[in-house]
Structures are given as C-alpha cells and as structure tokens.
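The values are calculated or read from the model by the stated rules, or taken from the named source; none is laboratory data. Just so you know, these numbers come straight off a predicted model, no measurement behind them. Here the Cβ positions follow ideal geometry from the backbone for every residue, glycine too, while neighbour counts run over all protein chains shown. Accessible surface areas use protein heavy atoms only, side chains included; no ligands, DNA or RNA. Shrake-Rupley method; radii C 1.70, N 1.55, O 1.52, S 1.80 Å.
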Amino acid sequence: MKTIRVVIIAAASLLLAFSPTIASVYAACGPGWMSDSWTPRPGVTFSISSTACSGTYPKHTVSSNRTDSSLIPQNSNFTYTDIDNISPNTGTRVSQSFNTGLGVLPSDTHTYGPFSGNAVPNCGYTDFAILVLDSATGQTHVLEMDSYGQTAGTCPI
C-alpha cells in the first residue's frame, strides 16, 4: 500500500511539473533554428547561437565562438523582442537592439521583468546577425540566427 502511495505522489508531481498553467509562469524557450556556423578552411570555424525565452521574466541570449583568431567579426546586430499576443493586452512589451564593433565576439544575456497580470509576454524573439572576415583568405560571410520562445497562445513567426 505504501508503494502505491509513493507511485501516485510521484505521478502527481510529474503532472504538476509539466502542467501548462504552471509552466507558463516561468520562461519558456523555443527551439528557434539550429545555431549557424561557417568553416572557410578545414579546422577553422566561427559559430553563433541564440535563445529567446518568454514569460514573466523573459530571458534572451546570444553567443559566438571561433576556433582561430584569423576569423574577425566585422560587426554584429541583435534584437530582443517580447510581445503579448493574447487579448485584451496585446502589444510589444520590450524591444531592444544592440550592435558590436570590429573584432568583438558577441556574448550577451538579458533578462526582463517581472511582468504581472495579463501583460505577461507570451512570445519572445531573438534575431542575431554577424559579418565575419577570414583575414587569411579575405573571404567574408554573414551568419544569422533567429530563435523564439512562447508560453501560451499563438505567436506570429
């Protein structure tokens, strides 16, 4: 009998942990698109990634990595946007854009909030683009990464 109670409590805990009502209070990260990378020469790679997590405390991140210092960022732009797409309080809650200069490897994390009531953003977006120069060959390449997260409703993609 004690074993059955333990199983029931464990099952109830799992159901509560994955309940959409409870999960929507916390940030929900969507998959976006896979990270982007560029390999201009064997063993030399530049890669970027981003996340967007909507909810009461929306959190956005961008990061970049390189395997060789001959890959030089020329500039980068990233925008974080959080919107509420559920009536009656639809609209943009936060939208911020950032630029980095020559040679800067972007790495940034922003958390906004708390949002409360009916104005909690249910849609989060991160747009990230960077122009990279391979100084050994003179080639350039633009890497792009878009990610999104949503807690409820339908988000425009």
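None of Ser76, Ser49, Ser54, Ser63 is touching a strand residue (DSSP E or B) at 6+ places or on another chain (Cβ under 6 Å), among the hydroxyl-bearing types (Ser, Thr, Tyr) and closer than 13 Å to His141 by Cα except Ser76. Count of region 132-151 residues, restricted to those that are within 22 Å of the chain's Cα centre (by Cα), among the hydrophobic types (A, V, I, L, M, F, W, C) and open to solvent by 50 Å² or more (accessible area, probe 1.4 Å), is 1. Within the span defined as region 112-130, every residue fails to be outside any loop (DSSP other than H, G, I, E, B), touching a Pro at 6+ places or on another chain (Cβ under 9 Å) and among the hydroxyl-bearing types (Ser, Thr, Tyr). Within region 131-157, track down each residue that is small (Gly, Ala, Ser), touching a strand residue (DSSP E or B) at 6+ places or on another chain (Cβ under 6 Å) and at pLDDT 95 or above. Scanning region 131-157 gives a single hit, Ser135.
Could you please let me know if Ser63 is assigned to a strand (DSSP E or B) and either among the small types (Gly, Ala, Ser) or surrounded by 21 or more Cβ atoms within 10 Å (Cβ to Cβ) (or both)? Break it down stepwise before answering.
Values: assigned to a strand (DSSP E or B): yes; either among the small types (Gly, Ala, Ser) or surrounded by 21 or more Cβ atoms within 10 Å (Cβ to Cβ) (or both): yes.
So Ser63 passes the test.
Summed over region 37-60, the residues that are buried (at least 18 other Cβ atoms within 10 Å of the Cβ), over 11 Å from the mean Cα position of the chain (by Cα) and of a type in the set (A, V, I, L, M, F, W, C) give a count of 3. Against the criterion of being in contact (Cβ under 8 Å) with a residue 24 or more places away in the chain and touching a Gly at 6+ places or on another chain (Cβ under 6 Å), Asn122 qualifies.
Matching residues to (1) more than 29 Å from Thr39 (Cβ to Cβ); (2) open to solvent by 70 Å² or more (accessible area, probe 1.4 Å); (3) in contact (Cβ under 8 Å) with a residue 12 or more places away in the chain:
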| residue | (1), (2), (3) |
| --- | --- |
| Ser76 | no, no, yes |
| Ser87 | yes, yes, no |
| Gly113 | yes, no, yes |
| Gly153 | yes, no, yes |
